[in-house]
1. Considering (1) farther than 26 Å from GLN49 by Cα; (2) surrounded by fewer than 15 Cβ atoms within 10 Å (Cβ to Cβ), say which one GLY109 fails and leave the rest.
2. Read through the list (1) open to solvent by less than 50 Å² (accessible area, probe 1.4 Å); (2) touching a residue at least 40 places away in the same chain (Cβ under 8 Å); (3) part of a strand (DSSP E or B); (4) closer than 19 Å to VAL3 by Cα, then give the number of the only condition that THR103 fails.
3. So which pairs qualify, if the first residue must be in region 23-51 and under 17 Å from GLY63 (Cβ atoms) and at pLDDT 90 or above, the second must be open to solvent by 80 Å² or more (accessible area, probe 1.4 Å) and of a type outside the set (Val, Ile, Thr), the Cβ gap must be under 8 Å, and the two must be at least 6 apart or on different chains?
4. Any chance you could count how many residues in region 87-96 are assigned to a loop (DSSP other than H, G, I, E, B) and either open to solvent by 30 Å² or more (accessible area, probe 1.4 Å) or of a type in the set (Val, Ile, Thr) (or both)?
5. Give region 106-121 a look and list any residue that's at pLDDT 90 or above and more than 15 Å from LYS4 (Cβ to Cβ), or say none.
6. Kindly evaluate PHE133 against the criterion of being aromatic (Phe, Trp, Tyr) and open to solvent by less than 30 Å² (accessible area, probe 1.4 Å).
7. Which of the residues spanning region 67-86 are hydrophobic (A, V, I, L, M, F, W, C) and surrounded by fewer than 15 Cβ atoms within 10 Å (Cβ to Cβ)?
8. Scan region 137-150 residue by residue and report those that are among the hydrophobic types (A, V, I, L, M, F, W, C) and either open to solvent by less than 30 Å² (accessible area, probe 1.4 Å) or not in a helix (DSSP H, G or I) (or both).
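The values are calculated or read from the model by the stated rules, or taken from the named source; none is laboratory data. Note that the coordinates shown come from a computational prediction; the quantities given were computed from them, not determined experimentally. Note that each Cβ is placed from the backbone with ideal geometry, even for glycine, and that neighbours are counted across all protein chains shown. Heavy atoms of the whole protein, side chains included, go into the accessibility calculation; ligands, DNA and RNA do not. Shrake-Rupley method; radii C 1.70, N 1.55, O 1.52, S 1.80 Å.
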Amino acid sequence: MVVKTTYNYNASAAELWPLLFNSKMDDKQPCYLLCGLPKPLECRLPDSQGGVGSTRECVSDKGTIQQRITEWVPGHKLSFQLEKTNLYFGPCVESILEQFELTDNNQVGCQITRTTTFRAKGPMAPVVSIPMFIGLKAIHRYVFSNWKRLSSNTSLHH
């Protein structure tokens, strides 16, 4: 199943690029209606190195996700795949592939598109896929709006 979300920012792709692998979320809560949804806290590069083959780690209030970077084009594209997680949905997931694409628009800043492709496993895969889609979409929106709030309070804002 594919979850795709696009957001526009009043900042350049070069300014926004570091948020994809080095950002902390603010205290605002994601959707209150989705009780139990992991709240993203931070994404980071544990070894402080980027590039293909490096690890990207996302920390939530319920655990971590470690991802292997498969594509690294600074200011343009970041792709990675799930390697391991201790989050509760881990046993239900066969694979998660993610991609961020940044497109500069000289008049209004930058557009970021996040695409998550996931495959659930087991006999309940079709049933599990529906709440996973909803949860992933909510997390996409939360992270993008969080980056917008954070960037409006920093030098990213023009």
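1. (2)
2. Checking THR103 against (1) open to solvent by less than 50 Å² (accessible area, probe 1.4 Å); (2) touching a residue at least 40 places away in the same chain (Cβ under 8 Å); (3) part of a strand (DSSP E or B); (4) closer than 19 Å to VAL3 by Cα, the one that fails is (1).
3. Qualifying pairs under 8 Å: LEU41/LYS24; LEU41/ASP61; GLU42/LYS24; CYS43/ASN22; ARG44/ASN22.
4. 2
5. Matches in region 106-121: CYS110, ARG119, ALA120, LYS121.
6. Criteria not met by PHE133.
7. VAL73
8. Across region 137-150, the qualifying residues are ALA138, VAL143, PHE144, TRP147.
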